[in-house]
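Structure first, commentary second.
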Amino acid sequence: MIKIEAQLVNLRHLDELATGNTVIHRLNPCAKLLTTMVFIIVVTSFPKQMLAGLIPLCIFPVALVSLGDLPVSPLVRRVVLTLPFIVFIGIFNPLLDHSVAFQIGDVVISNGWISFFSILTRSILAVSAALLLVATTGMEGICAALYQIKVPKVLVIQLLFMYRYLYILLEEVGRTIQAYNLRSFEDTGIGYKAVGSLVGQLLMRTLDRAQRIYVAMRCRGFDGNIRLNRQTRVQYQDVAFAFGWSAFFIFVRMVNIPQWLGSLLTEGYR
Amino acid sequence: MSHHLVEVKDLEYTYPDNTKALCGITFRILHGESVGIVGANGAGKSTLLSHLNGILTPAAGTVRIGDYSLTKQTLRQIRRTVGMVFQDPDDQLFMPTVYDDVAFGPLNLGFLPDEIEQRVMAALETVGAAHLKNRPPYRLSGGQKRSVAIASVLAMSPDILVMDEPSSGLDPFARRKLIKLLLTFTHTKVIATHDLDLVLDLCERTIVLKDGKVLADGPTLAIFSDAALLEQGHLEKPFSMQGCPVCNSR
């Protein structure tokens, strides 16, 4: 129970950061959403042997954190949470691919390791960009932006409602587990025999609630459209933000800046 | 104005699982009246309320709200006239912020942006929740949620307010505030509740339901003074009419 409650607090922490009022927070949600999408697409499009070329992209999350005045540790903690999954995706690459990429003294770096670290870096960049979007825009802002860029409204409404009622559902789960524990006397978690009926109970209750919410919506004139009352004007800095960053990302994708800098230096020594 | 009239005639309803919830209910509520609907658990209070704005459609009998009788064609008009405050405010507050939630009804009714702003703020100020407008609903206390739920209905300026257990889950102070707020409303009010003291404070008329039928319908004070009737309806005199517990035990 205590664990679940702690998770609840965690869950909302990121969203609460979105109430800040900095240059980044004030930007149009659409601009931030599109920029983040371009960023993620560019990051994932890098070939797997390219590691150094990714480094300049780290400027984006770092810039958002510092300009948006965001605390670093909660963000890092959430990125770390996703690490095990990423590691599992990439862990076999060093084992399968032994071809030599380069050699420093006696240490041989294989292409497997390069691609492993490339997957790791790309995932961390993509995840942190998504988290930063939530932390600077908030879920409602993102939903409004998705609505504006014509994502199907069914999806947006689902997202909006899932986010709203996740909290209540988790509370209900917490209560159910507590009631179970109070009468089970064995501290071994929920027995497999009870899991089915517990989950079934939750499903029934969720369906009931969904029905009540739908009725409440119908009573207030719901006709299938959620109208978010926000006049989001696109301003000069929004366009500059979106285009500036997108141009930078694409440039980094085209030109391997670290390699270019390196060759510039070695040229200089010759 | 016949606008605020609520007329229920021989209303019957049976749930899909064959539970007979209402068996021939008839009453008429006039403009500006405040009526308490009381009765035991399962007497049919919530089912009755669900008929007043077309959440359920009668199996037999009729419901008339103002000039319209309740049919599919008049549903939109009726839902505008009858504002329903649900028992669990969490069911009613589904938008990401308080402001969005209160604006939900007016936006669907197609008001202009300026008027929506004005309506939302007026409704929030009426319930004393204007300072909460940017807060997400999950961060509100029980009393605040209730106030916002009422504001979300007021923003549509209904003529008739229908409330299901408005005082459930509130602490005594929040409950008192709610009663004071409701006293300032001139709407026709229909309140279903187990809180008989609230009925005593707010409603001059009471309808007692039992097993889907009207057991009694009359002035609140007369009904609450009739001990035999109350017992029959699985009720008890409101605490404020029971006298002092210390003096009584002497």
- [ ] Sort out which residues of the stretch B:43-54 are in contact (Cβ under 8 Å) with a residue 40 or more places away in the chain, within 14 Å of another protein chain (Cβ to nearest Cβ) and part of a loop (DSSP other than H, G, I, E, B), and write them in order of number.
- [x] B:53
- [ ] Identify, from the list B:67, B:10, the residue that is farther than 29 Å from residue B:185 by Cβ and in contact (Cβ under 8 Å) with a residue 24 or more places away in the chain.
- [x] B:10
TODO: Take the residues in the stretch B:3-23 that are among the polar types (S, T, N, Q) and not in a strand (DSSP E or B), then tell me which one is farthest from residue B:205 (Cα to Cα).
DONE: B:18
- [ ] State whether the residues of the stretch B:147-159 include one that is closer than 24 Å to residue B:79 by Cα, in contact (Cβ under 8 Å) with a residue 60 or more places away in the chain and away from every other protein chain (no Cβ under 14 Å).
- [x] yes
- [ ] Taking residue B:125 as meeting all but one of (1) more than 9 Å from chain A (Cβ to nearest Cβ); (2) touching a residue at least 40 places away in the same chain (Cβ under 8 Å), write down the number of the exception.
- [x] (2)
Task: Qualifying positions in the stretch B:48-80 - surrounded by 22 or more Cβ atoms within 10 Å (Cβ to Cβ) and of a type in the set (S, T, N, Q) - done: B:53
Open item on the list: Return the pair list, or none, for Cβ contacts closer than 7 Å from residues in the stretch B:78-100 that are closer than 17 Å to residue B:56 by Cβ and more than 7 Å from every other protein chain (Cβ to nearest Cβ) to residues that are of a type in the set (Ser, Thr, Tyr) and not in a helix (DSSP H, G or I), at least 6 apart or on different chains.
Closed with: B:78/B:68; B:87/B:168
Task: Residues within the stretch B:128-142 that are aliphatic (A, V, I, L, M) and either within 10 Å of chain A (Cβ to nearest Cβ) or within 21 Å of the chain's Cα centre (by Cα) (or both), tallied - done: 1
Open item on the list: Just to confirm my filter: which strands (runs of 3 or more DSSP E) fall fully inside the stretch B:55-165 and include at least 1 residues that are over 26 Å from residue A:18 (Cα atoms) and charged (D, E, K, R)?
Closed with: B:60-65, B:160-164
Task: Yes/no for residue B:170 being among the aliphatic types (A, V, I, L, M) and under 20 Å from residue B:32 (Cβ atoms) - done: no
Open item on the list: Between B:217, B:164, B:114, which is touching a strand residue (DSSP E or B) at 6+ places or on another chain (Cβ under 6 Å), surrounded by fewer than 22 Cβ atoms within 10 Å (Cβ to Cβ) and either of a type in the set (Val, Ile, Thr) or within 12 Å of chain A (Cβ to nearest Cβ) (or both)?
Closed with: B:164
Task: Candidate set: the stretch B:15-42, residues that are hydrophobic (A, V, I, L, M, F, W, C) and in contact with a His (Cβ under 8 Å, 6 or more places away or on another chain); chosen: the one surrounded by the fewest Cβ atoms within 10 Å (Cβ to Cβ) - done: B:30
TODO: Filter the stretch A:30-55 for residues that are assigned to a helix (DSSP H, G or I), surrounded by 18 or more Cβ atoms within 10 Å (Cβ to Cβ) and of a type outside the set (Val, Ile, Thr) and give the result.
DONE: A:30, A:31, A:32, A:33, A:34, A:39, A:53, A:54
TODO: Note down all Cβ pairs under 8 Å where the first residue falls in the stretch A:212-227 and is closer than 20 Å to residue A:152 by Cα and more than 7 Å from chain B (Cβ to nearest Cβ), the second is among the basic types (Lys, Arg) and in a helix (DSSP H, G or I), and they're at least six residues apart or on different chains.
DONE: A:224/A:153; A:225/A:153; A:226/A:153
TODO: Those residues that are free of Cβ contacts under 8 Å to residues at least 40 places away in the same chain and among the charged types (D, E, K, R), I need them from the stretch A:14-29; list them, please.
DONE: A:16, A:26
Open item on the list: Conditions first: (1) away from chain A (no Cβ under 13 Å); (2) under 18 Å from the mean Cα position of the chain (by Cα). Residue B:73 passes all but one, so which condition is the exception?
Closed with: (2)
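Coordinate-derived values only; no laboratory data. In this text, all values refer to a predicted model and were calculated from it rather than measured experimentally. Heads up, the Cβs are rebuilt from the backbone with ideal geometry, glycines too, and the neighbour counts pull from every protein chain shown.
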